Amino acid sequence: MADSNAKNSPEAAPLEPEEYVEQGYFFQSLQVGIEENRPMQDILRSVRDEVLVTTKLPLAIDFMAAELRHSGLLHTAMLRLSHYFTRFQTYLVSSAEDDRGRFDFRVALEILKLEAKFRAEQAEPQAMFLFQFETICRHRLNYDHGLAAMQHDPVYDQDWQAFIGDVRRQIGLVELADMIYVRSRHYRSLRKPAPGVEPAAPLPPLFGDREGRIALANRRREPLLLFAALQRQLGYPKVPLVQKPDEQVALVPQLMRRMERVEARLKLMEEEEKGGIDLTKFYARPDAPPPLED
């Protein structure tokens, strides 16, 4: 996975907002090209000429195109460009390119597009953490590798990295709502040390009063309710899901085929009423080649 292969790679630093804006356009262009069934090399070539040349993205696209010709994969190039793409971005692409997984590549591009736009808006670490963690949960990605990728994201400082490490070790044993609550300002305001007990040095709060109250209200409840409430309150992008195929799209061709069969039957019935069906038109022509034998 991306985390194990990038231990010795330089970590990504926060980029300028214009870089993230162009990244969002890059991922969106990949989406459009894939929907049009265009070859990936052609998509990269056309996007390379469209993105802003004052950014570093054209150089990154050139490297990705070369790596794609060599290995047929994109995430290996992103892994070697860890100073430009974050570990979490690389992890999403590697999960989508994994033949053993079921993570749709188009959904991964939609998530990357929204995340790049969110980064361009100088997202708060609380909202970014919840967006990334909800992505892992809703798409059933590997928690260990996903949280490890999040831990190295430049949007998080040392306190956040330590907290994500705790989540990585305790997930499945401790509810996420409890972990958010105890690291919120709301918890610190309610906590009162017992008489005669020396209070321990409190951990720095990472979430505000609002997040703490929401987490407290959603303890021992469905985790998706917690995510939905936090997404509404914090305003981070809604995590895209796999779209079900539209049955209405296939309905019209099906009706047309049925109408053709009905018309053929009606025509046979009309011929039978007029004096019988002319079977000679179904006979094989004398000059027709013989059927192939098995």
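Whether a residue is among the aliphatic types (A, V, I, L, M), surrounded by 13 or more Cβ atoms within 10 Å (Cβ to Cβ) and modelled with pLDDT of 85 or more was assessed, and LEU206 passes this test. Within the stretch 245-294, the residues that satisfy the criterion of being open to solvent by 100 Å² or more (accessible area, probe 1.4 Å), modelled with pLDDT of 65 or more and hydrophobic (A, V, I, L, M, F, W, C) are MET256, MET259, MET269. If you go through the stretch 154-191 and keep only what is within 30 Å of TYR84 (Cβ to Cβ) and open to solvent by 20 Å² or more (accessible area, probe 1.4 Å), you end up with PRO154, VAL155, ASP157, GLN158, ASP159, GLN161, ALA162, ASP166, ARG168, ARG169, ILE171. Scanning the stretch 132-151 for residues that are of a type in the set (A, V, I, L, M, F, W, C), farther than 19 Å from LEU234 by Cα and free of Cβ contacts under 8 Å to residues at least 60 places away in the same chain, we see that the one that is surrounded by the most Cβ atoms within 10 Å (Cβ to Cβ) is LEU147.
The values are calculated or read from the model by the stated rules, or taken from the named source; none is laboratory data. Keep in mind it's a predicted model, so treat the numbers as computed, not measured. Neighbour counts run over all protein chains shown; Cβ positions are idealised from the backbone, glycine included. Accessible surface is based on the protein model in full, side chains and every heavy atom, while ligands, DNA and RNA are left aside. Shrake-Rupley method; radii C 1.70, N 1.55, O 1.52, S 1.80 Å.
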